[in-house]
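Asks: Once you've had a glance at the structure underneath, I'll fire off some questions.
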Amino acid sequence: MIIGHGGNKQELADRIGCPVEEIIDMSSNLNPLGPPPEILNLIQENLSSLHALPEADALTMRKGFADFYGLDVGQVLAGNGTTWFIYALPKALNCKKVLISGPTYSDYNDACDMHQVESRQVTAIEEKGFSPDVDEISSLAHGADLVVICNPNNPTGALVSRDQIEYLVKKHSEVCFLVDESYLPFVPGAEEISLVSETGFPNLLVLSSMSKIFRIPGLRSGFLSGAESLMEKVFHHYQPWSVNSLAQAVISKVYQDPGFIRSFYDATRVFVLEETRVFKDELKECHGLHMVPGVTYFILAGLDGITAKDFCKDVGQDKILIRDCSNFKGLGPNFVRFSLKTRKENLTLARTIKGVLNHG
């Protein structure tokens with residue numbers, strides 16, 4: 001397990017000698033507009049749910065998700081965040097070989113290591129904007145039990161089209177594909193890209209997260225959807241009470257108001273598009289920094305003449321925490337990630353970046 005997914009504000013505060021409350025955390029990929037007041041109210045109103053055991057199979061929560069996406073409840077499982085499923089799937093699917101599209105989130109590989117499952121990463125290259133090579137993935141899919149694609153990808157922000165994923169799923173019917181759509185709700189037109197409702201493929205699984213879009217990572221709530229035959233395999237390895245009582249109560253009620261969900265998604269997408277544009281414009285003349293094209297509100301950037309470790313240290317002097325990406329397999333020591341926040345914070349980061357690079 002990699003320690004350092006982002007968000008270690010206390011470590012930075014201790015290093016520079018300031019209260020942790022003064023640290024601006026731009027290292028963790030969470031919605032700058034969240035959590036919305038409606039969800040904060042639901043959390044407060046449902047604290048008493050902690051006095052009782054949750055539903056062992058999170059059935060009510062699953063029904064809410066299923067209704068929202070037009071699925072049968074048997075095509076959905078709820079878990080303690082999407083990470084629960086990432087670590088459960090190699091064993092549940094009896095995998096021997098897993099192919100991972102990278103550079104990407106380390107837990108896919110760590111989950112394979114936990115279960116002594118052989119894994120291989122097909123690494124997209126910087127010269128192509130880290131856009132996954134679908135033909136290369138296809139050529140290496142033979143012999144794999146599971147292919148993992150994070151879409152859009154963390155940390156590169158690259159997006160694989162729905163047509164390309166369907167091409168792979170159809171061509172390799174003997175291979176299971178796991179598509180992690182944790183960051184897709186941030187992308188305009190996500191509903192046309194998403195495969196979450198496409199349960200006609202017997203070899204397709206989709207991960208969906210509530211944590212990122214609603215900024216509630218500590219509540220731990222995620223979903224796995226797919227054909228019932230695949231769900232049954234996973235359910236054999238499902239631990240009872242895998243989702244806590246508070247998460248079940250809150251998320252079940254969120255899905256009772258689909259209009260709220262859609263309007264919050266829309267507001268987030270408008271906000272993210274504009275703030276990303278402003279941030280990139282502010283740094284377009286900045287030498288020593290090249291931002292990787294992507295569709296997400298977090299931005300991967302390469303550095304010239306300075307390592308990510310030193311750059312993060314220098315930026316941290318201004319009480320800003322960003323992500324050192326040198327521990328992502330397939331990225332070198334010169335990549336960092338910025339997770340955008342409000343206009344004020346984004347412009348503060350841009351000024352700090354220019355100051356660090358100009359000083360260097």
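The values are calculated or read from the model by the stated rules, or taken from the named source; none is laboratory data. Everything numeric in this text was worked out from a predicted model, so none of it was measured. Neighbour counts are summed over all protein chains in view; Cβ atoms, including those assigned to glycine, are modelled from backbone coordinates with ideal geometry. With ligands, DNA and RNA removed, areas are computed over all heavy atoms of the protein, side chains included. Shrake-Rupley method; radii C 1.70, N 1.55, O 1.52, S 1.80 Å.
Asks: Heavy atoms only, probe 1.4 Å: what % of the accessible area of the chain goes to carbon and sulfur, would you let me know? Walk me through the intermediate numbers first.
Replies: On the way: 8060 of 15620 Å².
Of all accessible area on the chain, carbon and sulfur atoms account for 52 percent.
Asks: Write down the percent of antiparallel bridges among all DSSP beta bridges whose residues are both part of the chain, to the nearest 5. Intermediate results must be reported in sequence, preceding the final value.
Replies: Values: 19 of 39 bridges.
Here the antiparallel bridges make up roughly 50 percent for the chain.
Asks: Quote the convex hull volume per residue of segment 257-360, based on C-alpha atoms, as a whole number of Å³. Intermediate results must be reported in sequence, preceding the final value.
Replies: Working: hull volume 11.9 nm³, N = 104.
In segment 257-360, the Cα convex hull volume per residue is 115 Å³.
Asks: Report the paramagnetic label zone for residue 91: residues of segment 218-238 whose backbone N is under 16 Å from a point 7 Å from Cα along the Cα-to-Cβ axis.
Replies: Residues passing the 16 Å test: 233-238.
Asks: Treat each spin label as a single point 7 Å out from the Cα along the C-beta direction, and report the residue 263 to residue 173 distance in nm.
Replies: The modelled label-to-label distance comes out at 4.6 nm.
Asks: Pull up all non-local amide H partners of residue 24: gap of 5 or more, or a different chain, and H-to-H distance under 5 Å with H placed in the peptide plane.
Replies: 320, 321
Asks: What does the extension gain come out to for residue 285 and residue 59, with contour length at 0.36 nm per residue minus their alpha carbon separation?
Replies: On the way: separation 226, 0.36 × 226 = 81.36 nm, distance 5.24 nm.
Residue separation times 0.36 nm, minus the Cα-Cα distance, leaves 76.1 nm.
Asks: Near the amide H of residue 177, under 5 Å away, which other amide H atoms are found, from residues 5 or more places off or on another chain, if H is placed in the peptide plane?
Replies: Those lying under 5 Å, H to H, from residue 177 are 147, 204, 205.
Asks: Give me the percent of Cα-Cα pairs in segment 52-194 that sit more than 18 Å apart, rounded to a whole number. Mind showing how you got there, number by number?
Replies: Values: 6135 of 10153 pairs.
Summing the P(r) of segment 52-194 above 18 Å gives 60 percent of all pairs.
Asks: Students often forget the sequence filter, so: which aspartates and glutamates lie under 13 Å Cα-Cα from residue 280 once same-chain residues fewer than 8 apart are removed?
Replies: Within the straight-line cut-off, residue 280 pairs with nothing.
Asks: A further question follows. Quick one: which residues, 5 or more positions from residue 121 or on another chain, have an amide H under 5 Å from its amide H? H modelled 1.01 Å from N in the peptide plane, none for Pro or chain starts.
Replies: Those qualifying (amide H under 5 Å, at least 5 residues apart or on another chain) are 100.
Asks: Using a Förster distance of 56 angstrom, determine the FRET efficiency expected from the C-beta separation of residue 241 and residue 274, and round it to 0.05. Please report the intermediate quantities before stating the final value.
Replies: Numbers: r = 42 Å, r/R0 = 0.75.
Rounded to the nearest 0.05, the efficiency is 0.85.
Asks: Here's something else I'd like to know. Be a star and scan segment 44-60 for residues whose amide nitrogen sits under 12 Å from the point 7 Å along the Cα-to-Cβ vector of residue 21.
Replies: Counting backbone N atoms under 12 Å from the label point, the list is empty.
Asks: Also, quick follow-up: Between residue 344 and residue 11, what FRET efficiency comes out of the Förster formula 1/(1 + (r/R0)^6) with R0 = 35 Å and r the beta carbon distance, rounded to 0.05?
Replies: FRET efficiency, residue 11 to residue 344: 0.90.
Asks: In a Gaussian network model over the chain where Cα atoms closer than 10 Å are linked, find which of 94, 80, 154 has the largest mean-square fluctuation.
Replies: Highest fluctuation of the listed residues: 94.
Asks: Could I ask something else about it? Please give the peptides 277-287, 308-318, 102-112, 252-262 ranked by average Cβ packing (other Cβ atoms within 10 Å per residue), highest first, as a rough proxy for protection. Mind dumping the intermediate values first?
Replies: Values: 277-287: 13.5, 308-318: 18.1, 102-112: 21.9, 252-262: 15.7.
In descending order of packing, they fall as 102-112, 308-318, 252-262, 277-287.
Asks: Using a Gaussian network model of the chain with C-alpha springs under 10 Å, which one of 303, 30, 50 is most mobile by mean-square fluctuation?
Replies: Result for the chain, Cα springs under 10 Å: 50 fluctuates most.
Asks: For the pair residue 163 and residue 197, what calculated FRET efficiency results from E = 1/(1 + (r/R0)^6), where r is the Cβ-Cβ distance and R0 = 22 Å, to the nearest 0.05? Display every interim value, and only then the final one.
Replies: Working: r = 16 Å, r/R0 = 0.72.
Calculated transfer efficiency: 0.85.
Asks: Before I look further, what does the chain give for accessible area per residue, probe 1.4 Å, in whole square angstrom? If you can, show how the numbers build up before the last one.
Replies: Details: 15620 Å² over 360 residues.
That works out to 43 Å² for each residue.
Asks: For segment 129-136, take each phi angle, set θ = phi - 60°, evaluate the Karplus expression 6.51 cos²θ - 1.76 cosθ + 1.60, and give the result in whole Hz per residue in order, putting x for glycine and proline.
Replies: Each residue's phi maps through the Karplus curve to give x, 6, 6, x, 8, 4, 5, 5 Hz.
Asks: If you don't mind, another one. Between the alpha-carbon centers of segment 249-316 and segment 66-128, tell me the distance in whole angstrom.
Replies: 23
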